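Encoded as structure tokens, the structure appears first; notes follow it.
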Amino acid sequence: MSDQILGIGSRVNHPAFGDGVIIYVDVAAYKVCFIQFGIKHVGKDYQSWTIIEAVPAVESVSFSEAEKSLMKILRHFSDITEQVPLGDKWLGGTMILKPKDDALKEKEIPIDGFFHKIVMVRDRLRVMEQRINASKLEDEEKVNLQQYITRIYGSLTTFNILFKEKEHQFVGEKGSGD
């Protein structure tokens, strides 16, 4: 290992604690958030971990920058669900599913619950995508699987009207007609 100083957002693998991300750099130690063991202090002179991705050390980093880095890392390593807001006009709303046959009863579903399920599908697709990218599959196989995932995202764009913020919406293949 080198004597380089790692910056906030650097990804590491510790032999005892596993994968983690540096969230604070002190004079003598790093504060590292490990996925399975929480926050631990590790001395700057520690040499037995593997540096997965080094982020250059800077004089100061804002809390929001550190938070964004940490969220990116946690999303990469786990299937933590992000808090995604439902569009204001749908809050407290109800979906009504009405069958063609009038003899059958219609079904009411709270939009909030339905929206939560859609977000979970989106998050699990993202995790699947990350695991495919990190797998030992051949590049051609990865590309083929990625194309399926992109098409799934495209099929789910119908539900984009439920999202409050555009950045949380599904994006499929551009111009594919999905």
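Of the residues making up the range 99-117, those that are modelled with pLDDT of 90 or more and out of contact with any Ser or Thr (no Cβ under 8 Å at 6 or more places or on another chain) are P99, K100, D101, D102, A103, L104, K105, E106, K107. Considering the range 43-90, and only residues there that are of a type in the set (A, V, I, L, M, F, W, C), more than 12 Å from the chain's Cα centre (by Cα) and at pLDDT below 70, the residue that is surrounded by the fewest Cβ atoms within 10 Å (Cβ to Cβ) turns out to be F63. Applying the criterion of being among the basic types (K, R) and part of a loop (DSSP other than H, G, I, E, B) to the residues of the range 82-110, the residue that is nearest to F159 (Cα to Cα) is K98.
Of all residues in the range 25-39, those satisfying the criterion of being without any contact (Cβ under 8 Å) to a residue 24 or more places away in the chain and either more than 15 Å from L6 (Cα to Cα) or of a type in the set (F, W, Y) (or both) are F34, Q36, F37, G38, I39. Of all residues in the range 1-49, those satisfying the criterion of being of a type in the set (D, E) and part of a loop (DSSP other than H, G, I, E, B) are D3, D26, D45.
Scanning the range 1-37 for residues that are more than 18 Å from the chain's Cα centre (by Cα) and over 17 Å from E53 (Cα atoms) yields a total of 6. Candidates are the residues of the range 115-157 that are of a type in the set (D, E) and assigned to a helix (DSSP H, G or I); the one that is nearest to the chain's Cα centre (by Cα) is D123.
The set of residues from the range 158-177 being surrounded by 15 or more Cβ atoms within 10 Å (Cβ to Cβ), assigned to a helix (DSSP H, G or I) and without any contact (Cβ under 8 Å) to a residue 60 or more places away in the chain comprises just one member, F159.
The values are calculated or read from the model by the stated rules, or taken from the named source; none is laboratory data. Note that this is a predicted model, so its numbers are computed, not measured. Here Cβ is always computed from backbone atoms with ideal geometry, including for glycine, and neighbour counts include all displayed protein chains.
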